[in-house]
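One structure below.
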Amino acid sequence: TLQETPAGDLRDSFPSGDEDNTFTGNVDNEINGNWILAPTGSIHEARLKAKVKRRLRKNSSRDSGRGDSLSDNGDVVRSVVPPTSPKGKLLNRRSRMGKGRGLPKKGGAGGKGVWGTPGQVYDEDKVDVKDPNYDAEQENCIYETVVLPLDEETFEKTVTPIVQEYFEHGDANEVAELLAELNLGSMRGDVPMLAVSLALEAKASHRELTSRLLSELCECVLTAADVEASFHKLLKELPDLVLDTPGAPQILGQFIARAVADNILPKSFIDGYKGRVDCEYARAALDRAAVLLRMSRWTGLRIDSLWGSGGGQRPVNQLIKEVNLLLKEYLLSGDTVEAERCLRELEVPHFHHEFVYEAVIMVLESKGNRTLQMILQLLKSFCASTVITVDQLRRGFERVYLDMADLSIDVPCAYSLLEQFVEQSFDAGVIDKKLRDLCPCRGRKRFISEGDGGRLKLESC
């Protein structure tokens, strides 16, 4: 028999908190006053699905990152997905419509602070005549960068490093480009004066570079009037320059003669001072320049090579000749200080091994004790004053060791003389024990009596 249950009692048979409660009662539906038996399983599944859907809709608003799904048997399946913060959604440029391929919105050109799609070219903004800030006079304006003229203090701080760097690289074109970028103004005529003042305390090669620089700058940056005004100021300041450089009058006279020879000073520059010079230093500088110019006319003196060329620019054969002249002059005079000054003026510290080599060869060729002692004293003095470094000294002796086979042909007793000189150099502290042990000795023949099996051979001691 079927138990009749009112329709209103169906809600009481399913408590809201019991999800796993099985439906055991029989349910009748009434259609047109007749009770019809309904399938028990279909009603149970429909009510469970409706209940799960209501719960999903309720939880979706407060936990949007966690998705719940319903399995085939009606169980709730929760997927573990970290919740998404609202700020992350705002920064995400991908479309949240659920359509498309997940590309950025508007091709990446949407939103604030975006310049547009890659490769987009913007047209020039048209001037709005009706704009309240519109000014018709600004349309024809040309804007240029204004460089303030240099004052005396700024000029010295700016130009001095440029000239000092030029002494290192020797590129006059680079100096001209750097000076052209500056607004020299009234300080333009002080550029030659500053360059010559720095060259007074520099080497002879730097003075040669300064003369070349003045000749190059006179064509593009300076004028002949600027160069002439600079030398006038230098003659007036000679009493102050002599305090730092005692030979300033002679050096300035050579600069004046070189400038006249390079046609950047007029020939009447020296004649204009005749009878009007009260300073003895300025008179000495002008006399030096006049003498050099007369020698160039009468004896053919080349003023363009007045300062000589730098050590690194000289030919090797010329350096070897000057080293030999230096050694011969020292053997005649015995002046160690003068020899040191001459060696420094060569400006070839990388070539001092040649000086050591020629000095030792001179000892071997002289065959006298006087030359040996003088050369030993000279090398000892140069090593003590660090004019010749240990590396250059070692290279010079090693070159002699390698050439002993050829030297012994011209000097039969070269091995004994070299051994004697090396021992005395070691005792004087000129060379170390390692360099002394490398000294070669004369080879000798070994005879049959020494157990050679009837053969003759050479052996070094």
Per residue, how large is the accessible surface of the stretch 316-438? Use a 1.4 angstrom probe and give square angstrom.
52
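Tally up the carbon and sulfur contribution to the accessible surface of the stretch 316-438 as a whole percent, 1.4 Å probe, everything protein left in place. Don't jump to the answer; show the numbers that get you there.
Working: 3410 of 6390 Å².
Answer for the stretch 316-438: carbon and sulfur cover 53 percent of the accessible area.
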From the protein chains alone at 1.4 Å, what is the descending order of accessible area for 351, 426, largest first?
426, 351
Positive-end residue of 213, 189, 200, charge dipole of the stretch 187-229 with Cβ unit charges:
200
Heavy atoms of residue 49: accessible area, 1.4 Å probe, square angstrom to 10
100
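Is there a pair in 203/274; 367/434; 236/274; 233/274; 328/367; 203/380 whose C-alpha atoms are over 22 Å apart, and which pairs would that be? Please list the in-between numbers first.
On the way: 203/274 31 Å; 367/434 26 Å; 236/274 15 Å; 233/274 17 Å; 328/367 15 Å; 203/380 25 Å.
Pairs exceeding the cut-off: 203/274; 367/434; 203/380.
Give me the compactness ratio for the stretch 152-305, meaning the Cα radius of gyration over 2.2 N^0.38 Å.
Details: Rg = 14.9 Å, N = 154, 2.2 N^0.38 = 14.9 Å.
Rounded to two decimals, the normalised Rg is 1.00.
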Solvent exposure of the stretch 152-305 as accessible area per residue, Å², 1.4 Å probe
52
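Compactness ratio of the stretch 316-438: Cα Rg over 2.2 N^0.38 Å, N = residue count? Write out the running numbers ahead of the final one.
Details: Rg = 13.4 Å, N = 123, 2.2 N^0.38 = 13.7 Å.
Here the answer is 0.98, to two decimals.
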Can you tell me the length gained on complete extension of the stretch residue 401 to residue 181, counting 0.36 nm per residue apart and subtracting the Cα distance?
73.6 nm
Putting +1 on Lys and Arg Cβ atoms and -1 on Asp and Glu Cβ atoms, find which of 318, 353, 425 reaches farthest to the positive end of the dipole of the stretch 316-438.
425
The stretch 152-305, accessible surface, carbon-and-sulfur percent (1.4 angstrom probe)
48
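The values are calculated or read from the model by the stated rules, or taken from the named source; none is laboratory data. Note that the structure is predicted; figures quoted are calculated from it, not measured. Because the Cβ atoms are built from the backbone with ideal geometry, glycine has one as well, and the counts that use them run over all protein chains shown. We work out accessible area using only protein heavy atoms, side chains counted, and drop any ligands, DNA or RNA first. Shrake-Rupley method; radii C 1.70, N 1.55, O 1.52, S 1.80 Å.
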